[in-house]
Structures are given as structure tokens and as C-alpha cells.
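The values are calculated or read from the model by the stated rules, or taken from the named source; none is laboratory data. Every value quoted in this text rests on a predicted model; they were computed, and no experiment measured them. Glycine gets a Cβ as well: all are built from the backbone with ideal geometry, and neighbour counts include every protein chain shown.
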Amino acid sequence: MNRTNDYAQPIGPELPEWTPRPRPGSVTLHGHYCRLQPLDAETHASDLYEAYATASDGRDWTYLFVGPFDDFEQYRAYVRSAAQSSDPLHYAVIDQASGKALGTLALMRIEPAHGVIEVGSVTFSPALKQSPLSTEAQYLLMAYAFDELGYRRYEWKCDDLNAPSRRAAQRLGFVYEGTFRQAVVYKGRSRDTAWYSIIDSQWPAVRAALQAWLAPDNFDAQGRQRKALSSFRAGCADS
């Protein structure tokens, strides 16, 4: 039931215990398959450039604000600049098995007063895509935002035409909220931006599904999943 104020106007739920949340920091987050480390050009740029170079063409950069890069020096200069930023705050995704950096992602549009934070700048190499590592990287950052920092809302935004990004958001448990028309100009073109979110009341079910999917016994000897994440999400929703 909606509350009303002294003027009989409906108002939102009261948050008597709310305090601004801490800003995310340069922490290392450890998982079973990967770990996230603060992005560092001298440590990660070479591995990342090599990992991205295995792609057959430059299509992975189409919907990003940067890239593709002409050579390693150009890419390293970008990483040096990105590593100095506190918003977006970039992390490298490190394969636990090889110790190699295979991609990056960032926390951005950080609003501690409101408890709102966004994941973005997701740049995964072919070796990282559609692997337990890529899902775990997303999970580690979500858990950091919700469980450690106490944020209320975790956002995902992408070009409305970026079908792979939209599928990824929905697979991970984000809820589509609508499309902001002509919201951004980038790379000389207009972008309609699709908005997705997970809020704190939804996080326990999303977390349980991700943890169940990421469990080692959900993968066979060849690393193939036994059950899809969607089936775990359905089970958590029903419980």
C-alpha cells in the first residue's frame, strides 16, 4: 500500500536506516575460475591486446565507445588512461588457470548517495566469451556491489541495437526497463540506449542462480554446462 503525505499525495517507502554507500575501490575479487584485479597497463595491456587480437575482425568494438586500436602502443595508451579513472573504475578479468588477462569490465556512473551503480565497458576477448569465466566475472562484480558495498540498484545499459549485450543482460537476470531514444552520440552516430537493472530485493534469487550455475559440478570434463543458467533462475524464482 502506498504511503501518503500530509497533502494526501502518494510517496515512496521510507528508508530510515539509509546512509550513502561507500565508493568501490581498487580491490581484487577472487572466484573459482577467474579473479578481477584493478586494471594496470604495465601488468595487463600486453595480455589483453594479445587476447583481443585472436578475434577474426573488429566487430567486438562496434558498440563500445573506444577501439578498435591500430597497434599495441595505441591500445596501451588507452589502458594507461583508463587505469587512472575512478569512474569508470576498470577491472581486468584474469584466468585463474593461466594467469592471463582476457578482458575488462568496469563499475561506472557511481552514485553513493542513491545506492546506484552500473556495470559497463565490458570488453571480453574470444577466449572469455560464453565461458564460466565471463559469467563469474559478472557475478563477482555484482556481489561486490550488493553484498560488500550495499548498493540498492545495479544497472546495465547498452545500444538498443546490440543484440548480444541485451541477451547477456537478460541471461544474467537483469530486468529490461525501457529504451531511452537518442540518448547518446558516439563514434559519429546516434544511439538509443536500452536500460536494464537488478535491485536489491531481486539480488538474492539472482545470486543463488548464478552460484548454482557456477558450481564445478555443473560442468562436465570438457567444461560444458550440464544445466543452463535459465533453468537455475527458474528454480530460484519458484522457491
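Somewhere in region 176-191, is a residue buried (at least 19 other Cβ atoms within 10 Å of the Cβ), closer than 20 Å to VAL116 by Cα, within 16 Å of the chain's Cα centre (by Cα) and among the hydroxyl-bearing types (Ser, Thr, Tyr)? Taking every residue of region 176-191 in turn, none turns out to be buried (at least 19 other Cβ atoms within 10 Å of the Cβ), closer than 20 Å to VAL116 by Cα, within 16 Å of the chain's Cα centre (by Cα) and among the hydroxyl-bearing types (Ser, Thr, Tyr). Kindly indicate which of ILE110, ILE94 is in a strand (DSSP E or B), β-branched (Val, Ile, Thr), under 19 Å from the mean Cα position of the chain (by Cα) and more than 18 Å from ALA127 (Cβ to Cβ). From the options ILE110, ILE94, the qualifying one is ILE110. Of all residues in region 204-239, those satisfying the criterion of being at pLDDT below 95, among the aliphatic types (A, V, I, L, M) and over 19 Å from LEU133 (Cβ atoms) are ALA234, ALA237. When region 1-48 is filtered for residues that are closer than 25 Å to GLY67 by Cβ, touching a strand residue (DSSP E or B) at 6+ places or on another chain (Cβ under 7 Å) and either without any contact (Cβ under 8 Å) to a residue 60 or more places away in the chain or of a type outside the set (Gly, Ala, Ser) (or both), the ones remaining, listed by number, are PRO24, LEU29, CYS34, ARG35, LEU36, GLN37, PRO38, LEU39, HIS44, ASP47, LEU48. Scanning region 107-146 for residues being under 25 Å from ARG80 (Cβ atoms), among the small types (Gly, Ala, Ser) and surrounded by fewer than 21 Cβ atoms within 10 Å (Cβ to Cβ) gives a total of 3.
Contact map, region 182-193: first residue touching a residue at least 60 places away in the same chain (Cβ under 8 Å), second residue not in a strand (DSSP E or B), Cβ cut-off under 8 Å, separation 6 or more or different chains; pairs are TYR186/PHE65; LYS187/PHE65. In this structure, is GLY58 surrounded by 12 or more Cβ atoms within 10 Å (Cβ to Cβ) and either within 26 Å of THR135 (Cβ to Cβ) or touching a residue at least 24 places away in the same chain (Cβ under 8 Å) (or both)? It is false that GLY58 is surrounded by 12 or more Cβ atoms within 10 Å (Cβ to Cβ) and either within 26 Å of THR135 (Cβ to Cβ) or touching a residue at least 24 places away in the same chain (Cβ under 8 Å) (or both).
Here ALA51 clears all of (1) free of Cβ contacts under 8 Å to residues at least 60 places away in the same chain; (2) surrounded by 13 or more Cβ atoms within 10 Å (Cβ to Cβ) except the condition numbered (1).
Here is a check on your reading of the model: is VAL119 part of a loop (DSSP other than H, G, I, E, B), within 21 Å of THR193 (Cβ to Cβ) and in contact with a Phe, Trp or Tyr (Cβ under 7 Å, 6 or more places away or on another chain)? Outline the logic, then answer.
Numbers: part of a loop (DSSP other than H, G, I, E, B): no; within 21 Å of THR193 (Cβ to Cβ): yes; in contact with a Phe, Trp or Tyr (Cβ under 7 Å, 6 or more places away or on another chain): yes.
Answer is no for this residue.
Within region 6-33, the residues that satisfy the criterion of being farther than 19 Å from ALA82 by Cβ and either among the polar types (S, T, N, Q) or buried (at least 17 other Cβ atoms within 10 Å of the Cβ) (or both) are GLN9, THR19, ARG21, GLY31, TYR33.
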